[in-house]
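Q: Okay, handing you the structure first.
The values are calculated or read from the model by the stated rules, or taken from the named source; none is laboratory data. Note that the coordinates shown come from a computational prediction; the quantities given were computed from them, not determined experimentally. Cβ atoms come from the backbone with ideal geometry, glycine included; neighbour counts cover every protein chain shown. Just the protein is used for accessible areas: all its heavy atoms, side chains included, with ligands, DNA and RNA removed. Shrake-Rupley method; radii C 1.70, N 1.55, O 1.52, S 1.80 Å.
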Amino acid sequence: MFVDSHCHLDFPDLASNLDALLGKMRENDVSHALCVSVNLEDFPRVLALAETHSNLFASVGVHPDYENLAEPQAAHLASLADHPRVIAIGETGLDYFRLKGDLEWQRERFRQHIRAARQCGKPLIIHTREAAADTLRIMAEEGADSVGGVMHCFTESWEVAQQAMEMNFYISFSGIVTFKKALALKDVAKRIKLERMLIETDSPYLAPVPHRGKINQPAFVRYVAEEIAVLRGISVDEVATATTSNFFNLFKAA
Ligand SMILES: [Zn+2]
Ligand SMILES: [Zn+2]
């Protein structure tokens, strides 16, 4: 059985087709999926998915790409996370690719999320793009290692992966690892311990080969696992068993 550790089933492209997507998950042995929150306005819809379907979980957080919002405070995030179906804080982090200029607000928002995770004792889902050094620095300054979490949709170097793992973080691979040109990332997927690995789709984005360019869905997480199995010269079952047990160990989900 596979678990999709990161998807956005509340986004319109997927929400409008939910029953079919849940059916595809069953057909492809994808037992569970974590529906990741990107802003507080839409959080009730993410939570509703997890309350309605026993194999879906929710997180709560405000993505670094959402500008001009009322800034979430740690205590508020922690109170929203005080729910049995909410298993993580995020997605949060830094994104210097999408947004430019003075991004101090992004760094402050990230700090609030780490504090919230520490208050409620739930792990973090971290997004980082062209901001690895600041991301790792703030994780260290705020004591993110005490709750741990996942570096989602990982696209950074082996050195960044090592530093994140030293802070108790898992590394999650998306469909990007199936792309022909992603050689450095394939190398990271070969080198890291299986005990530190998660897999995800980040659907509706980033559909893996052979569906690249289409709308992604949780069932496609099996292509990510298949690519990792080929890279490492092990069976898909081994990748599935490890990443699924890592998911339940990290998120203490049931
Ligand atoms: Zn992300
Ligand atoms: Zn995401």
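Q: Would you tally the residues in region 87-129 being within 16 Å of ligand 2 (Cβ to nearest atom), modelled with pLDDT of 95 or more and either part of a strand (DSSP E or B) or charged (D, E, K, R) (or both)?
A: 16
Q: Go through the residues of region 113-128 one by one and say whether even a single one is open to solvent by 20 Å² or more (accessible area, probe 1.4 Å) and within 16 Å of ligand 1 (Cβ to nearest atom).
A: Yes.
Q: Mind listing just one residue for me: the one in region 221-254 that is open to solvent by less than 30 Å² (accessible area, probe 1.4 Å) and not aliphatic (A, V, I, L, M) and, of those, farthest from residue 167 (Cα to Cα)?
A: Step by step, filter region 221-254, then rank; the result is 244.
Q: I'd like to check something: does region 230-243 contain any residue that is of a type in the set (Lys, Arg) and in contact with a Phe, Trp or Tyr (Cβ under 7 Å, 6 or more places away or on another chain)?
A: No, region 230-243 has no match at all.
Q: Name the single residue that is farthest from residue 8 (Cα to Cα) among those in region 192-242 being in a helix (DSSP H, G or I), among the small types (Gly, Ala, Ser) and in contact (Cβ under 8 Å) with a residue 60 or more places away in the chain. Steps first, please.
A: Filtering region 192-242 for residues in a helix (DSSP H, G or I) gives 194-196, 218-232, 236-242.
Retained after the next criterion (residues that are among the small types (Gly, Ala, Ser)): 219, 225, 229, 240, 242.
Going one step further and asking which of them are in contact (Cβ under 8 Å) with a residue 60 or more places away in the chain, we end up with 219, 225, 240.
Numbers: 219: 13, 225: 19, 240: 21 Å.
By that ranking, first place goes to 240.
Q: A follow-up question, please. So, in region 2-54, how many residues would count as being away from ligand 1 (no atom under 16 Å from the Cβ), of a type in the set (Val, Ile, Thr) and buried (at least 24 other Cβ atoms within 10 Å of the Cβ)?
A: 2
Q: Return the residues of region 25-70 that are within 16 Å of ligand 2 (Cβ to nearest atom) and in contact (Cβ under 8 Å) with a residue 60 or more places away in the chain; say none if nothing qualifies.
A: Answer for region 25-70, where residues must be within 16 Å of ligand 2 (Cβ to nearest atom) and in contact (Cβ under 8 Å) with a residue 60 or more places away in the chain: 33, 34, 36, 57, 59, 61, 63, 64.
Q: While we're looking at this one, here's another question. Within region 130-168, how many residues are outside any helix (DSSP H, G or I), small (Gly, Ala, Ser) and open to solvent by less than 10 Å² (accessible area, probe 1.4 Å)?
A: 3
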